[in-house]
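Colleague: Mind looking over this structure? Questions follow.
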Amino acid sequence: MSTFDIIVLGSGPGGYVTAIRASQLGFKTAIIEKESLGGVCLNWGCIPTKALLKSAQVFEYLKHADDYGIKVDNVDKDFDAVVKRSRGVADGMSKGVQFLMKKNKIEVIKGYGTLKPGKKISVKAEDGSVTEYSANNIIIATGARSRELPSLPQDGKKIIGYREAMTLDKQPKKMIVVGSGAIGIEFAYFYNSMGTEVTVVEYLPNIVPVEDEDVSKQLERSFKKAGVKIMTSAEVTSVDTSGDGVKATVKTAKGEQILEADIVLSAVGIKTNIENIGLEDVGIATDRDKILVNDFYQTNIPGYYAIGDVTPGQALAHVASAEGIICVEKLADMHVEPLDYGNIPGCTYCSPEIASVGLTEKQAKEKGLDIKVGKFPFSASGKAKASGASDGFVKVIFDAKYGEWLGCHMIGAGVTDMIAEAVLGRKLETTGHEVLKAVHPHPTMSEAVMEAVAAAYDEVIHL
Ligand SMILES: Cc1cc2nc3c(=O)[nH]c(=O)nc-3n(C[C@H](O)[C@H](O)[C@H](O)COP(=O)(O)OP(=O)(O)OC[C@H]3O[C@@H](n4cnc5c(N)ncnc54)[C@H](O)[C@@H]3O)c2cc1C
């Protein structure tokens with residue numbers, strides 16, 4: 001039986017990053033994967049969606065080229081080519097992970113892994129053969145899949161999940177998107193830009209419900225302006241797929257409504273891959289669909305660890321990677337701090353983009369904190385005006401007494417690249433006045449961060 005220091009089960013951004021760091025630290029490492037290397041993120045999540053969204057953005061630019069004084073006739077899209085480009089980008093990224101595994105001397109084991117007691121894993125290969133491996137430490141990183149609701153049973157054709165949504169062979173004329181978290185909103189933006197008539201149905205009172213309310217309201221305005229229909233405080237209770245298209249029954253405060261469309265995209269969250277991997281056999285504890293771990297990702301059974309979407313933190317690629325690195329650095333006896341889940345940035349890559357970190361204004365108030373809030377609209381930013389991208393704002397929240405940067409919420413062009421300033425500032429316990437004294441380049445969208453902080457302290461210049 002082959003024996004390793006560390007075996008990682010699953011090669012998403014949790015698993016493959018963990019394996020690389022483990023190898024860097026001198027551990028003899030193997031990784032087990034049943035599909036393509038890179039997991040959901042590279043193959044079915046972060047990367048292929050951003051490729052689709054880039055095509056949508058290029059199409060939008062061309063459709064509005066006139067606004068920039070550029071004449072472009074007969075602008076059209078080739079839906080097949082857009083999907084093909086996205087798949088090509090994903091395949092390229094997966095091959096990149098293959099290269100990284102080789103470079104870091106990590107053994108890649110293809111097949112379906114099942115945990116066994118005594119720190120063993122049996123792997124069933126495609127040809128049906130089963131091989132057993134053992135390790136000093138096993139790290140579970142099996143990720144998650146699209147969550148199914150009883151009212152929305154996914155058939156992959158008329159009621160689809162995210163995988164089908166990024167590989168449709170025909171562009172739907174009308175689409176209902178159920179759920180307005182990051183995944184639902186990104187697909188709503190993509191399909192609307194491509195010319196599909198999109199209705200978003202959200203159960204809660206606001207779209208992107210985890211974001212600051214001002215951000216939700218701004219996105220709703222921008223989406224409505226772009227032609228997306230939005231129904232909030234609304235629930236799809238059933239979908240009739242018996243005819244040519246679909247008929248969705250939507251319950252609202254005003255009563256029931258029937259929406260007709262070609263297709264329904266169910267984007268109501270994720271379900272972790274914790275079944276049929278041997279957790280019960282080994283005795284690993286779970287709670288509410290997640291594997292329970294301590295601050296350094298050890299499960300209740302010594303020698304078995306878990307990271308990424310299968311554990312309770314935010315289901316994001318950068319969280320999965322960070323958790324894996326902490327886990328193996330701790331195994332290498334390095335001095336490591338637990339991850340600060342309060343300082344994790346969240347991004348949605350529609351247009352305008354959304355990025356946020358820390359407390360929303362409502363959360364800060366609910367905590368009884370005395371706060372200073374500053375907001376700077378991109379309509380007052382020279383760079384945003386020059387770029388024709390003046391929708392949105394930066395909003396910052398500081399503790400009034402100690403100057404702690406409690407939260408930062410952005411909506412606008414390119415803000416997903418700007419949020420790192422707030423993450424780093426908060427990590428270094430930067431105060432508002434320090435941000436103000438850090439000169440930001442002109443003209444950039446990032447000046448809006450400095451101006452929003454200035455607004456919080458009544459020192460704003462350009463408003
Ligand atoms: C449409 C979409 C867009 C997203 N966009 C973003 C984004 O922009 N930014 C962001 O941060 N996050 C995004 N996410 C979330 C992100 O993809 C996940 O948080 C991330 O992939 C989780 O990483 P992971 O390593 O925990 O698991 P996964 O990426 O799910 O990888 C798990 C891997 O384990 C393998 N596996 C499972 N069971 C077994 C088994 N028994 N044997 C062998 N292999 C197994 C699976 O095949 C898979 O490859 C998005 C998700 C979706 C669905």
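Every number in this text was worked out from the coordinates using simple rules, so none of it is lab data. Keep in mind that what you see is a predicted model, and the values were worked out from it rather than measured. Neighbour counts run over all protein chains shown; Cβ positions are idealised from the backbone, glycine included.
Colleague: Give me the number: length gained by fully extending residue 249 to residue 35, i.e. 0.36 nm times residue separation minus the C-alpha to C-alpha distance, one decimal in nm. Before the final figure, lay out each step's value.
Modeller: Numbers: separation 214, 0.36 × 214 = 77.04 nm, distance 3.61 nm.
Extra length from residue 249 to residue 35 when fully extended: 73.4 nm.
Colleague: Two decimals, Cα atoms only, Kirkwood Rh: what is Rg/Rh over segment 250-399? Don't skip to the answer; put the middle values down first.
Modeller: Values: Rg = 21.4 Å, Rh = 19.8 Å.
Looking at segment 250-399, the ratio lands at 1.08.
Colleague: Taking amide H positions as placed in the peptide plane 1.01 Å from N, state which residues far from residue 311 in sequence (5 or more) or on other chains have amide H under 5 Å from it.
Modeller: Amide H neighbours of residue 311: 291.
Colleague: Got a sec to turn the phi values of segment 108-125 into Karplus ³J(HN,Hα) couplings, 6.51 cos²θ - 1.76 cosθ + 1.60 with θ = phi - 60°, whole Hz, x for Gly and Pro?
Modeller: Per-residue couplings from phi come out as 9, 10, 8, x, 9, x, 10, 6, 10, x, x, 6, 10, 9, 9, 10, 9, 7 Hz.
Colleague: Arrange 202, 35 by Cβ neighbour counts within 10 Å, fewest through most, would you?
Modeller: Numbers: 202 24, 35 15.
With the fewest neighbours first, 202, 35 line up as 35, 202.
Colleague: Positive end of the dipole of the chain, charges at C-beta (+1 Lys, Arg; -1 Asp, Glu), about the Cα centre: which of 92, 29, 232 has its Cα farthest in that direction?
Modeller: Toward the positive end, the furthest listed residue is 92.
Colleague: Which whole-angstrom value gives the distance between the alpha carbon centres of segment 330-362 and segment 221-279?
Modeller: For segment 330-362 versus segment 221-279, the Cα centre distance is 28 Å.
Colleague: Under 8 Å for C-alpha pairs, at least 6 residues apart: give me the relative contact order for the chain, rounded to a whole percent. Please report the intermediate quantities before stating the final value.
Modeller: Details: 1000 pairs, mean separation 65.2, N = 463.
Dividing the mean separation by the residue count of the chain yields 14 percent.
Colleague: Fewest to most neighbouring Cβ within 10 Å: what's the order for 133, 297? List each step's numbers first, then the result.
Modeller: Details: 133 21, 297 28.
Ascending number of Cβ neighbours within 10 Å: 133, 297.
Colleague: Another question about this same structure. If you count the DSSP beta bridges with both ends in segment 1-124, what percent of them are antiparallel, to the nearest 5?
Modeller: Numbers: 5 of 13 bridges.
Percent antiparallel among DSSP bridges in segment 1-124 is about 40.
Colleague: Normalise the Cα radius of gyration of segment 118-212 by 2.2 N^0.38 Å (N = residues in it) and let me know the number.
Modeller: On the way: Rg = 19.3 Å, N = 95, 2.2 N^0.38 = 12.4 Å.
That works out to 1.56 for segment 118-212.
Colleague: Ranked highest first by the average count of other Cβ atoms within 10 Å around their residues, in what order do 409-418, 115-124, 312-321 fall? Intermediate results must be reported in sequence, preceding the final value.
Modeller: On the way: 409-418: 23.5, 115-124: 16.8, 312-321: 19.7.
Top to bottom by mean Cβ count within 10 Å: 409-418, 312-321, 115-124.
Colleague: Still on this structure: If packing is taken as the mean number of other Cβ atoms within 10 Å per residue, what is the order of 138-147, 157-166, highest first?
Modeller: 138-147, 157-166
Colleague: Let me ask something else. Taking the DSSP beta bridges in segment 115-222 as the whole, what percent of them are antiparallel, to the nearest 5? Write out the running numbers ahead of the final one.
Modeller: On the way: 8 of 13 bridges.
The antiparallel proportion sits near 60 percent.
Colleague: Shifting gears a bit: Please list, ordered by chain and number, the residues whose modelled amide H lies under 5 Å from the amide H of residue 234; skip anything fewer than 5 residues away on the same chain.
Modeller: Those lying under 5 Å, H to H, from residue 234 are 202, 203, 204.
Colleague: For segment 138-194, take N as its residue count and report Rg(C-alpha) divided by 2.2 N^0.38 Å. Walk me through the intermediate numbers first.
Modeller: Numbers: Rg = 13.2 Å, N = 57, 2.2 N^0.38 = 10.2 Å.
Relative to the 2.2 N^0.38 Å estimate, segment 138-194 comes out at 1.29.
Colleague: Still on this structure, I have one more. How long, wide and thick is the chain, going by the Cα atoms along their three principal axes, in whole angstroms, largest first?
Modeller: Principal extents (Cα only, largest first): 67, 61, 46 Å.
Colleague: Share of antiparallel DSSP beta bridges in the chain, in percent to the nearest 5?
Modeller: Working: 52 of 84 bridges.
If I count the DSSP bridges inside the chain, around 60 percent turn out antiparallel.
Colleague: Okay, next question. List every residue whose amide H lies under 5 Å from the amide H of residue 389, counting only residues 5 or more places away in sequence or on a different chain, with H placed 1.01 Å from N in the peptide plane.
Modeller: Residues meeting the amide H criterion: none.
Colleague: In what sequence do 170, 71 fall when counting other Cβ within 10 Å, fewest first? Can you show the working numbers first?
Modeller: Numbers: 170 9, 71 6.
Neighbour counts put them in this order, fewest first: 71, 170.
Colleague: Over all directions, average the projected area of the Cα convex hull of segment 159-268 and note it in nm². Don't skip to the end; give the middle numbers.
Modeller: Numbers: hull surface 26.0 nm².
Computing the convex hull of the Cα atoms and averaging its projections yields 6.5 nm².
Colleague: With θ set to phi - 60° and the Karplus curve 6.51 cos²θ - 1.76 cosθ + 1.60, what are the ³J(HN,Hα) couplings of segment 262-272 in order, to the nearest whole Hz, using x for Gly and Pro?
Modeller: Once θ is set to phi - 60°, the couplings for segment 262-272 become 7, 8, 10, 9, 8, 10, 9, x, 10, 10, 6 Hz.
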